[in-house]
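Notes to accompany the following structure.
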Amino acid sequence: MGKRIGTRTVRLERPPAVLGFAAVGGHMEGKGPLREQFDEISEDHFWGQKTWEQGESTMQKHALRKALEKATLHEEEIDYVFAGDLLNQCIGSSFSLRDSNIPFYGLYGACSTMGESLSLAAMMIDGGFAERTAALTSSHFCTAERQYRMPVPYGSQRTPTAQWTATAAGCCILGEEGGGPYVTHITAGKIVDMGIADPNNMGAAMAPAAHNTLSVLFRDTRTKPADYDLIVTGDLGKLGHDIVVDLFAKEGVDMTKNYDDCGLLLFDREGQDMHCGGSGCGCSASVLCGYLLRGMREKKWNKILFAPTGALLSPTSSYQGESIPGICHAVILSNERGE
């Protein structure tokens with residue numbers, strides 16, 4: 001196949017352009033170091049709704065609307081939207097789009113969902129099946145805590161390895177033509193499970209998947225870490241980030257110069273008491289659709305490797321003592337289209 005290079009990487013023949021992007025966040029995100037990178041911050045956990053779940057859907061609506069506005073487009077000009085969240089049956093996404101006329105693909109990749117949605121949205125355009133697509137992802141601290149761990153009012157003590165689920169959403173609009181940045185390469189992740197079973201230590205569960213996908217991407221594209229201005233995983237947090245650095249170091253690869261993680265960028269770990277950092281698929285989505293893409297437009301970076309990671313667990317699997325499968329989808333974003 002002409003577009004396939006190596007074992008798991010796709011080189012897009014007509015790299016889709018980023019036409020517009022937007023990030024919205026909640027109270028804690030508004031107190032973090034990336035506050036100015038958000039298009040909207042709400043102090044209301046409910047976003048004006050009756051439930052947290054309805055609030056998460058409202059976040060997605062706001063992110064989509066603002067991204068369309070910035071791209072000077074209307075809903076009817078979008079051919080497909082690829083969206084996902086952390087909730088059972090992806091109700092955050094399906095309910096946010098039930099009044100929309102955009103054809104909808106619902107996705108679940110846990111915290112890797114922004115990488116999955118961006119990959120599929122880009123390949124749909126490169127394959128000639130769409131002119132414009134949207135990649136949309138969200139998470140909400142209160143909805144995730146209620147589903148995966150303890151009821152929020154319970155006030156359970158968080159372990160040192162725990163991460164804080166972001167209340168945030170990000171949306172990226174892609175098109176056949178535009179000024180960029182551009183999606184040039186995609187490496188699909190495969191499930192990696194090293195037997196970690198602690199749902200409060202997702203960084204350790206996901207780190208091997210990040211190492212696996214990044215290793216494949218470097219090999220398939222014949223690149224090395226130094227070829228990128230920035231490499232960003234998400235959301236491994238402090239522990240997972242350090243594990244990835246150690247795994248590459250054992251292979252003689254230095255990841256210390258330009259490697260960061262969305263879970264470390266979104267919050268002030270010490271000042272906001274975030275333990276190992278941020279998590280939730282809204283974390284990497286909002287960091288990408290606020291901080292990273294804006295930085296590329298401003299020429300702060302010209303080439304970024306964005307590799308969000310996901311822990312594919314459920315409350316049922318955790319109760320049954322199952323280990324946590326991890327996955328990582330990687331996307332190369334470049335200001336140069338003809339690479």
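The values are calculated or read from the model by the stated rules, or taken from the named source; none is laboratory data. These figures come from a predicted structure and were not determined experimentally. Ideal geometry is used to build each Cβ from the backbone, glycine not excepted, and the neighbour counts take in all protein chains shown.
I need the full set of residues from the stretch 28-41 which are in a loop (DSSP other than H, G, I, E, B) and touching a strand residue (DSSP E or B) at 6+ places or on another chain (Cβ under 7 Å), in order please.
Listed by number, the residues that qualify are Phe38, Asp39.
Taking into account only those residues within the stretch 235-283 that are at positive phi and at pLDDT below 95, which is nearest to the chain's Cα centre (by Cα)?
Across the stretch 235-283, the extreme among qualifying residues is Gly280.
Take the stretch 176-226 and flag every residue that is within 30 Å of Gly128 (Cβ to Cβ), over 18 Å from the mean Cα position of the chain (by Cα) and either without any contact (Cβ under 8 Å) to a residue 40 or more places away in the chain or assigned to a helix (DSSP H, G or I) (or both).
Val216, Phe218, Arg219, Asp220, Thr221, Arg222, Thr223
Can you tell which of Gly32, Gly26, Gly92, Gly55 is of a type outside the set (Asp, Glu), closer than 24 Å to Ala110 by Cβ and touching a Leu at 6+ places or on another chain (Cβ under 6 Å)?
Within the list Gly32, Gly26, Gly92, Gly55, the selection yields Gly32.
Would you please list the contacts, defined by Cβ atoms under 6 Å and residues six or more apart or on different chains, that run from a residue in the stretch 22-35 that is assigned by TED's automatic domain parsing to the domain that holds Met59 to a residue that is part of a strand (DSSP E or B) and of a type in the set (A, V, I, L, M)?
Cβ pairs passing all conditions: Val24/Ala169; Gly25/Ile41; Gly25/Ala168; Glu29/Ala168; Gly30/Ile41.
Is there any pair with a first residue in the stretch 105-119 that is hydroxyl-bearing (Ser, Thr, Tyr) and a second that is assigned to a helix (DSSP H, G or I) and surrounded by 24 or more Cβ atoms within 10 Å (Cβ to Cβ) whose Cβ atoms are under 6 Å apart and which are 6 or more apart or on different chains, and what are they?
Going by the 6 Å Cβ cut-off, the qualifying pairs are Thr113/Cys281.
So is Ala110 at pLDDT below 95 and either assigned by TED's automatic domain parsing to the domain that holds Thr187 or in contact with a Leu (Cβ under 7 Å, 6 or more places away or on another chain) (or both) or not?
yes
State which residue is surrounded by the fewest Cβ atoms within 10 Å (Cβ to Cβ) when the search covers only the stretch 1-27 and only residues that are within 22 Å of the chain's Cα centre (by Cα) and either of a type in the set (Phe, Trp, Tyr) or part of a loop (DSSP other than H, G, I, E, B) (or both).
Among them, the one singled out is Arg8.
Which is among the acidic types (Asp, Glu) and either within 23 Å of Glu13 (Cα to Cα) or assigned by TED's automatic domain parsing to the domain that holds Lys61 (or both), of Asp268, Asp246, Asp261, Asp229?
It is Asp229.
If we keep just the residues of the stretch 231-280 that are touching a strand residue (DSSP E or B) at 6+ places or on another chain (Cβ under 8 Å) and among the acidic types (Asp, Glu), which is nearest to Gly115 (Cα to Cα)?
Among those that are touching a strand residue (DSSP E or B) at 6+ places or on another chain (Cβ under 8 Å) and among the acidic types (Asp, Glu), it is Asp235.
Among the residues in the stretch 84-92, are any free of Cβ contacts under 8 Å to residues at least 40 places away in the same chain, among the small types (Gly, Ala, Ser) and assigned to a strand (DSSP E or B)?
No, the stretch 84-92 contains no residue that is free of Cβ contacts under 8 Å to residues at least 40 places away in the same chain, among the small types (Gly, Ala, Ser) and assigned to a strand (DSSP E or B).
Consider Thr256 against the criteria (1) β-branched (Val, Ile, Thr); (2) more than 25 Å from Gln37 (Cβ to Cβ); (3) part of a loop (DSSP other than H, G, I, E, B): it satisfies all of them except one. Which criterion is unmet?
Checking Thr256 against (1) β-branched (Val, Ile, Thr); (2) more than 25 Å from Gln37 (Cβ to Cβ); (3) part of a loop (DSSP other than H, G, I, E, B), the one that fails is (2).
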